[in-house]
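Reviewing the structure listed below.
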Amino acid sequence: RRELAAALINRGVNLDPIGKWSKVGLLVYDSRVPIGATPEYMAGHYMLQSASSFLPCMALAPQDGERVLDMAAAPGGKTTYVAALMRNTGQIFANEFQKKRLSSLVANLQRMGCTNAVVCNYDGRQLPKVLGRVDRVLLDAPCSGTGVIAKDSSVKVSKSEADIAKCAHLQKELLVAAVDCCDATSKTGGYVVYSTCSVTVEENEAVVDYLLKKRDVKLVSTGLEFGREAFASYRGKNFHPSVTKARRFYPHVHNMDGFFVAKIKKLSNKTAPAGGGGGGGGNAAKAAKDIAAAIKKAREAVAAAAAGGGGGGGAKDDEGEAPTSPPRAKKPKTTAKEPGPGLAN
């Protein structure tokens, strides 16, 4: 980084180290030459991207020789950084759904000298069937872009609640697919990093909370030294307590794009939902609901019987016909109260 900084300063670029949290980043303030057309850029010495784009790659922390999937790779900033962290070993599957963005992805991988990357063009939701399992997965999901309003102010007027809901639905599908691509039995990996350049809860905490209910996973520390804790509750919505291990980044606090990063550890390769709290939690919840419904039904039966007794036989049963026997004959229905303790046992 020191050599690159010196070369760029000689060309009239005003820059500084990006911060103590990164050993490789440089923050460019202004330049007398096009920063994307210098000989150093053409030679693949650096990549232009926002400061927040470092964060998911640092949280992923890929190891040498691993198989890594980048589910939404274009234009390649995070993919090339992951390749650098892996020292060009192992394999990186750089997937991009939009064909028109593949050219920029391929160009950047070639320019940066990434020899361990394979570019593919699939719908991310189909990757578990196509690719199989890998050691680590990076999902920088398509989002509403509410974190980059400073760079693109049109987001303020071009995005509606429906757009955000649509993004959130796609993100949930992609995140479940990302977890299904990850190998829980990997000796070094088994991790998925989910990130967005959005600050909305619907696209961040709500998506991660959804995953915790659908797959056998847990949230772990991102390993990032700064950032605000994610929300455990927001406007009456309560999320799993571990969601606070994810990190939020704000333009006015951290001097970078609004960003969200969550690191997920896959516990098993089961595709069924984890049993809420380890073993039978879902069955217990269903039993509790059944008991409550049975008790409610019994109380309604008792109330109906009492009303029928006081009305002099003018009451009607559920089908609308006059009862053929005295209301007291319905008393055995009150035994519906009894299954409560039995089911609980």
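The values are calculated or read from the model by the stated rules, or taken from the named source; none is laboratory data. All figures in this text were calculated on a predicted structure; none of them were measured in a lab. Cβ sites come from the backbone with ideal geometry, for glycine too, and all protein chains shown count toward neighbours. The accessibility values were calculated without ligands, DNA or RNA, using every heavy atom of the protein model including side chains. Shrake-Rupley method; radii C 1.70, N 1.55, O 1.52, S 1.80 Å.
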Using a 1.4 angstrom probe and counting only protein chains, how large is the accessible area of LYS78 in Å², to 10? 30
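Past 24 Å, Cα to Cα, is the threshold; run LYS23/LYS99; LYS20/LYS263; LYS245/LYS266; LYS187/LYS265; LYS172/LYS263; LYS156/LYS245 against it and keep the listed order.
Values: LYS23/LYS99 33 Å; LYS20/LYS263 21 Å; LYS245/LYS266 15 Å; LYS187/LYS265 13 Å; LYS172/LYS263 15 Å; LYS156/LYS245 29 Å.
From the list (LYS23/LYS99; LYS20/LYS263; LYS245/LYS266; LYS187/LYS265; LYS172/LYS263; LYS156/LYS245), the Cα-Cα distance tops 24 Å for LYS23/LYS99; LYS156/LYS245.
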For region 1-49, just say rounded, prolate or oblate: build the C-alpha gyration tensor, square-root its eigenvalues into a ≥ b ≥ c, call rounded for a/c under 1.5, and beyond that prolate if a/b exceeds b/c, oblate if not. prolate
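Given the pairs LYS213/LYS270; LYS159/LYS214; LYS237/LYS297, which are separated by over 18 angstrom at their Cα positions?
LYS159/LYS214; LYS237/LYS297, as the Cα separations exceed 18 Å there.
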For region 20-177, shape from the Cα gyration tensor axes a ≥ b ≥ c, cut at a/c of 1.5 then a/b versus b/c, turns out oblate
Rolling a 1.4 angstrom probe over the protein chains, ignoring ligands and nucleic acids, what is the accessible area of ASP163 in square angstrom, nearest 10? 60
Taking amide H positions as placed in the peptide plane 1.01 Å from N, state which residues far from VAL13 in sequence (5 or more) or on other chains have amide H under 5 Å from it. ARG32
Largest-first ranking of MET256, MET112 by accessible area, probe 1.4 Å, whole protein assembly kept, is MET112, MET256
Heavy-atom accessible area ranking, 1.4 Å probe, most first, across ILE149, ILE164: ILE149, ILE164
Considering only protein heavy atoms, what per residue accessible area in square angstrom results for region 113-250 with a 1.4 angstrom probe? 47
First select every other residue whose beta carbon is under 11 angstrom from the beta carbon of ALA73; then total the charges, Lys and Arg +1, Asp and Glu -1. -1
Applying a 10 Å radius around every beta-carbon, put 29-35, 4-10 in order of their mean neighbour count, most first. 4-10, 29-35
Each residue of region 134-149 in turn: what ³J(HN,Hα) in whole Hz from Karplus with 6.51, -1.76, 1.60 and θ = phi - 60°, glycine and Pro shown as x? 10, 7, 9, 10, 10, 10, 8, 6, x, 8, 6, x, 5, x, 10, 4
Tabulate in residue order the Karplus-calculated ³J(HN,Hα) for region 255-265, using 6.51 cos²θ - 1.76 cosθ + 1.60 with θ = phi - 60°, rounded to whole Hz; enter x for Gly and Pro. 6, 8, 4, x, 8, 9, 9, 10, 10, 10, 9
I want the local charge near LYS237. Using Cβ-Cβ distances under 10 Å, sum +1 for each Lys or Arg and -1 for each Asp or Glu among the other residues. -2
With a 1.4 Å probe and every protein chain left in place, tell me how much accessible area HIS45 has, in Å² to the nearest 10. 110
Sequence of VAL201, VAL130 from largest to smallest accessible area, 1.4 Å probe: VAL130, VAL201
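Please say if region 171-250 is rounded, prolate or oblate, where rounded means a/c under 1.5 for a ≥ b ≥ c the square roots of the C-alpha gyration tensor eigenvalues, and otherwise the choice is prolate for a/b larger than b/c and oblate otherwise? It would help to have the intermediate numbers written out before the result.
Numbers: a/c = 1.80, a/b = 1.39, b/c = 1.30.
Prolate, since a/c reaches 1.5 and a/b exceeds b/c.
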